[in-house]
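Participant: Here's a structure for you.
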Amino acid sequence: MTATPGSRRVLLAAPRGYCAGVDRAVIAVEKALEQYGAPIYVRHEIVHNKYVVQTLEKKGAIFVDETAEVPEGSIVMFSAHGVAPTVHAEAAERKLATIDATCPLVTKVHKEAVRFAKEDYDILLIGHEGHEEVIGTSGEAPEHITLVDGPEDVANVEVRDPDKVVWLSQTTLSVDETMETVDALKGKFPNLLSPPSDDICYATQNRQIAVKKLAEDADLVIVVGSKNSSNSIRMVEVALDAGAPASHLVDNADEIDEAWLEGVTTVGLTSGASVPDVLVDGVIEWLAERGYGDVETVKTAEESITFSLPKELRRDLRAEAAELSQR
């Protein structure tokens, strides 16, 4: 059925966009630039969003792939995804002053990995190979951690003692897919221990619940987020699994294909946890210009969590960097 202009609407998910960890990381870069002046080096993208990275670059942030690219005596910030202990050691060797913007929820998983490794458990880390968060967590206890990349990977998993095995997970996964992997692991290792608290972050879960709600009524679900954002990619998958006839990931309104709107009465709109509202506002305007002017907010949760800024921002890091480079 072709929608009449008056019946077209947008269902806007709440919560959406920035989570507390992303907000903290982005503000940390801005504060560091304000406090210490440019350049501030950032190892890897501070968060997985093209617009955010480009905006911070314009303010004086320099993003590098490796610590070795940062000149001695400089300030380097570690991204929200976390880094392995070897990266901290590399920074010390290069006499760099560091700011750790790792999301506190990722830090929690790192601490769990260290604790279970000390107790000599085999740790099964559910996550996607090559993702920065997985690399960082694995680096905390490389001899104890085995990556499990989805339920289909379970058959290949081997452990030393099936009675001494625990699972942890990347924080940005699909809740449903993770539990499917856990169930498969429990089928193979009945005494598998679960972490003391759920590793998948509250924001990831809340955004996935909101997407499922949108999928009930939307003919099309648009997720605003970058192609390298794990939680944004998962939201598209969750929308389709929940029954949405179509779902697409876009960085901004320019990437929307008008052909997607053919026969669409209701558009569901949400955004990944590293997406600023300005990009969602752009999509709302784009849709309004095409007759989707009725915007209804669909609220599934309240979020009030905030994290304090990295403690290093309370010190004179330029002086520390100068002192380190003279040693």
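Participant: Could you list which residues have their amide H under 5 Å from that of residue 148, counting only those 5 or more apart in sequence or on another chain, with H placed in the peptide plane?
Facilitator: When sequence neighbours closer than 5 places are left aside, the close amide H contacts are 125, 126, 127.
Participant: Suppose only helical runs count, i.e. DSSP H with n ≥ 4. What mean residue ellipticity at 222 nm does that imply for the chain under -39500 (n - 2.57) per run, divided by all residues and rounded to the nearest 500 deg cm²/dmol?
Facilitator: After summing the helix terms and dividing by residue count, I get -11500 deg cm²/dmol.
Participant: While we're here: Where Rh is the Kirkwood radius over the Cα pairs of region 31-180, the temperature 25 °C and the viscosity 0.890 mPa s, what D in µm²/s does Stokes-Einstein return?
Facilitator: D, rounded to a whole number, is 148 µm²/s.
Participant: A further question follows. For residue 295, enumerate residues with amide H under 5 Å from its amide H, sequence gap 5+ or separate chain, H modeled in the peptide plane.
Facilitator: It is 10, by chain and number.
Participant: State whether the chain is rounded, prolate or oblate according to the following rule on the C-alpha gyration tensor (a ≥ b ≥ c being the square roots of its eigenvalues): a/c under 1.5 gives rounded; otherwise a/b larger than b/c gives prolate, and the remaining case gives oblate.
Facilitator: oblate
Participant: Here's something else I'd like to know. Arrange the peptides 204-215, 291-302 so that the one whose residues have, on average, the most other Cβ atoms within 10 Å appears first. Before the final figure, lay out each step's value.
Facilitator: On the way: 204-215: 22.8, 291-302: 13.9.
Per-residue Cβ counts within 10 Å, averaged per peptide and sorted highest first, yield 204-215, 291-302.
Participant: Give, as ranges by residue number, the residues of region 138-168 whose backbone N falls under 19 Å from the point 7 Å along Cα→Cβ of residue 197.
Facilitator: Of the residues in region 138-168, 167-168 have backbone N under 19 Å from the label point off residue 197.
Participant: Nearest 0.05, what FRET efficiency do residue 259 and residue 177 give at R0 = 41 Å with Cβ-Cβ as r? Walk me through the numbers before you get to the answer.
Facilitator: Details: r = 29 Å, r/R0 = 0.71.
The pair residue 259/residue 177 has a calculated efficiency of 0.90.
Participant: Separate question: Using alpha-carbon pairs under 8 Å, 6+ residues apart, how would you state the relative contact order of the chain in percent?
Facilitator: Relative contact order comes out at 27 percent.
Participant: Same structure, new question: Could I have the simple spin-label model distance between residue 277 and residue 216, label points 7 Å from Cα toward Cβ, reported in nm to one decimal?
Facilitator: That separation, rounded to one decimal, is 2.5 nm.
Participant: Do the alpha carbons of any pairs in 31/311; 164/188; 186/212; 111/188; 111/164 sit beyond 22 Å of each other, and which pairs?
Facilitator: Too far apart for the 22 Å limit: 186/212; 111/188.
Participant: Under 10 Å, Cα contacts only: if you run a Gaussian network model on the chain, which one of 231, 49, 156 comes out with the highest mean-square fluctuation?
Facilitator: Greatest mean-square fluctuation among the candidates belongs to 156.
Participant: A further question follows. Using θ = phi - 60° and the Karplus relation 6.51 cos²θ - 1.76 cosθ + 1.60, list the HN-Hα couplings for region 255-264 in order, rounded to whole Hz, with x at every Gly or Pro.
Facilitator: Using θ = phi - 60°, the values come out as 8, 6, 9, 4, 4, 4, 7, 4, x, 8 Hz.
Participant: Now, a different point. Can you give the FRET efficiency to the nearest 0.05 for residue 159 and residue 294, using r as the Cβ-Cβ distance and R₀ = 41 Å?
Facilitator: The computed FRET efficiency comes out at 0.15.
Participant: Further, regarding this structure: Using alpha carbon centroids, what distance separates region 145-198 and region 288-327, in Å?
Facilitator: So the separation of the two Cα centres works out to 31 Å.
Participant: About the Cα centre, and with charges only on the beta carbon of Lys, Arg (+1) and Asp, Glu (-1), how big is the dipole of the chain? Nearest 20 debye, please.
Facilitator: 980 debye
Participant: Cut-off 10 angstrom, C-alpha nodes, Gaussian network model of the chain. Which of 172, 55, 67 fluctuates the most?
Facilitator: 55
Participant: Helix check for the chain. Which DSSP H runs span at least 15 Å along their own axis by Cα, with a mean Kyte-Doolittle hydropathy no less than 1.0? Display every interim value, and only then the final one.
Facilitator: Details: long enough: 20-36 (23 Å, 0.24); 104-118 (21 Å, -0.16); 175-188 (20 Å, -0.55); 202-217 (24 Å, -0.87); 230-241 (16 Å, 0.32); 277-288 (16 Å, 1.22).
Span-like helices, by this rule, are 277-288.
Participant: Once you list every other residue whose beta carbon is under 13 Å from the beta carbon of residue 207, what net charge do they have if Lys and Arg are +1 and Asp and Glu are -1?
Facilitator: +3
Participant: Determine which residues of region 44-73 fall in the zone a paramagnetic label at residue 128 would reach in this model, i.e. backbone nitrogen under 17 Å from the point 7 Å along Cα→Cβ.
Facilitator: Under cut-off, by backbone N: 45-51.
Participant: Under 5 Å between amide hydrogens, which residues at least 5 positions from residue 63 or on another chain qualify, with H placed 1.01 Å from N in the peptide plane?
Facilitator: Amide H neighbours of residue 63, under 5 Å, 5+ apart: 42.
Just so you know, all these numbers are worked out from the coordinates, no wet-lab data involved. This is a predicted model, so every value here is computed, not measured. Ideal geometry is used to build each Cβ from the backbone, glycine not excepted, and the neighbour counts take in all protein chains shown.
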